[in-house]
Structures are given as C-alpha cells and as structure tokens.
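Report on the following structure.
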Amino acid sequence: GSLITFIPLVVVGCIARGVYKINFLHIMGLFSGGYTDPPALAYANNSTGNDAPAVAYSTVYPLTMFLRVVTAQLLILCFL
C-alpha cells in the first residue's frame, strides 16, 4: 500500500519539475488534489502564504473525483 502511494508521487513530481518545469507551489497543489486531501492543501496554503497550491488543487480535484467513479465502475464490470 505504501508503494502504491509513494511511487506515483515521486514519478509525477519528477516529471512535473524536470520535464514541465512546474514550480513547487503548483506541485504541492497537484499532489493534494490528486489524493483529494484537503488537510494537505491547507498545509500547503499556510506554509507558502500563496494561493498557487489552491489553484492547482482546484484544477485536479474534479478530474480525480470523476476518474475514481469511472474506475470503480470499470473494475466492477471487469470482474463480473
């Protein structure tokens, strides 16, 4: 379980920073939005004093919630 959580964070962080040159504030918002974690967003906002993490969170969060529903339905269909 910890590898499933840790590996995507490392991969997305490395690609976002290395390839796309996204700044750390937006990456913090992407992480908290990707894991739908409002306490992580609150920490990011408080530690930076900027709303850049909230902007990135608000762009990723709806997509993540939609994909969770679709993925659950596809898994049910695959295993029936």
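For a test of the definition: using alpha carbon positions, the gyration tensor, and the 1.5 limit on a/c, classify the range 1-46 as rounded, prolate or oblate.
Numbers: a/c = 2.71, a/b = 1.07, b/c = 2.54.
Oblate shape, in that a/c is at least 1.5 and b/c is the bigger or equal ratio.
Per-residue 3J(HN,Hα) values for the range 58-75, derived from phi via the Karplus relation 6.51 cos²θ - 1.76 cosθ + 1.60 with θ = phi - 60°, read 6, 7, 8, 4, x, 5, 5, 5, 5, 5, 5, 5, 5, 5, 4, 5, 5, 5 Hz in sequence order (x marks Gly and Pro). Computed from Cα positions, the angle between helix 24-34 and the longest principal axis of the chain comes to roughly 20 degrees.
Per-residue ellipticity at 222 nm, computed for the chain from helices alone with -39500 (n - 2.57) per DSSP H run of at least four residues, works out to -26000 deg cm²/dmol.
Modelled spin-label separation between residue 67 and residue 9, with each label point placed 7 Å from Cα along the Cα-to-Cβ direction: 1.7 nm. For the chain, a/c is not less than 1.5, where a ≥ b ≥ c are the root eigenvalues of the C-alpha gyration tensor, and a/b tops b/c. That puts it in the prolate class.
Residue ranges 67-77, 24-34 sort as 24-34, 67-77 when ordered by packing (mean number of other C-beta atoms within 10 Å per residue, highest first).
Throughout, read-outs are computed from the coordinates displayed, never taken from laboratory work. What you see is a predicted model, and the numbers here were worked out from it, not measured in a lab. Neighbour counts run over all protein chains shown; Cβ positions are idealised from the backbone, glycine included.
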